[in-house]
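Participant: Next up is a structure, given as structure tokens.
The values are calculated or read from the model by the stated rules, or taken from the named source; none is laboratory data. Note that the structure is a prediction, hence the values are computed from the model and not measured. When we count neighbours, we look across all protein chains shown, and the Cβ atoms used for this are built from the backbone with ideal geometry, even at glycine.
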């Protein structure tokens with residue numbers, strides 16, 4: 001079954017981790033949302049290279065997924081408990097990558113702020129590794145953006161995507 005994240009974990013990548021991608025939605029009842037995200041991710045990474053599973057809330061602290069995945073996609077706008085957050089940080093400390101999609105999970109001096117003035121407006125999102133290679137697309141804004149705590153002494157945050165507005169609201173960050 002596609003929900004069992006412990007099956008088919010024999011394949012191992014060069015990093016030593018099986019080529020598994022997990023999608024965490026907070027609520028276990030979001031099968032339709034899981035299938036939508038899975039479909040988009042499969043279009044991006046290919047169907048033969050990776051196996052995608054849903055990481056159910058009840059599995060986060062009980063199933064040995066931390067050593068059996070390359071990428072964790074968090075698509076949960078609800079607050080995430082401290083115990084679950086610690087497990088996600090443990091995953092990152094072991095070389096795992098996290099992609100947050102409108103997720104409330106943040107760390108490292110980054111937090112989410114609400115901006116009602118951009119909610120449900122069309123904004124130009126700029127993806128950029130450098131000024132020479134910008135990609136611009138128009139998107140519907142959720143009214144949320146990232147904010148960096150400038151009191152952090154060492155700030156490893158790099159904005160990879162931001163709105164083309166006076167505030168340059170950060171939408172995609174790399175830590």
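Participant: For the range 81-102, enumerate the residues that are assigned to a loop (DSSP other than H, G, I, E, B) and either surrounded by fewer than 19 Cβ atoms within 10 Å (Cβ to Cβ) or in contact with a helix residue (DSSP H, G or I) (Cβ under 7 Å, 6 or more places away or on another chain) (or both).
Facilitator: Listed by number, the residues that qualify are 81, 94, 95, 101, 102.
Participant: So, one more: Does residue 52 fit the bill of being within 24 Å of residue 142 (Cα to Cα), modelled with pLDDT of 85 or more and not assigned by the TED database to the domain that holds residue 143?
Facilitator: no
Participant: Here's another thing I want to ask about it. If I filter the range 62-75 for residues that are over 28 Å from residue 113 (Cα atoms), touching a strand residue (DSSP E or B) at 6+ places or on another chain (Cβ under 8 Å) and at pLDDT below 85, do I get at least one hit?
Facilitator: No, there is no match, as no residue in the range 62-75 is over 28 Å from residue 113 (Cα atoms), touching a strand residue (DSSP E or B) at 6+ places or on another chain (Cβ under 8 Å) and at pLDDT below 85.
Participant: Now for a separate question. Return yes or no: is residue 76 touching a helix residue (DSSP H, G or I) at 6+ places or on another chain (Cβ under 6 Å) and either touching a residue at least 40 places away in the same chain (Cβ under 8 Å) or within 22 Å of residue 169 (Cα to Cα) (or both)?
Facilitator: When the stated conditions are applied, residue 76 does not pass them.
Participant: Taking into account only those residues within the range 13-26 that are part of a loop (DSSP other than H, G, I, E, B) and in contact with a helix residue (DSSP H, G or I) (Cβ under 7 Å, 6 or more places away or on another chain), which is modelled with the lowest pLDDT?
Facilitator: Top of the filtered list is 26.
Participant: Let me ask another. Any residue in the range 152-160 that is buried (at least 16 other Cβ atoms within 10 Å of the Cβ), under 18 Å from the mean Cα position of the chain (by Cα) and at pLDDT 75 or above?
Facilitator: For the range 152-160, residues buried (at least 16 other Cβ atoms within 10 Å of the Cβ), under 18 Å from the mean Cα position of the chain (by Cα) and at pLDDT 75 or above: absent.
Participant: What are the residues in the range 31-80 that are within 25 Å of residue 111 (Cα to Cα) and in a loop (DSSP other than H, G, I, E, B), if any?
Facilitator: The answer is 56, 60, 61, 66, 70, 75, 76, 77, 78, 79, 80.
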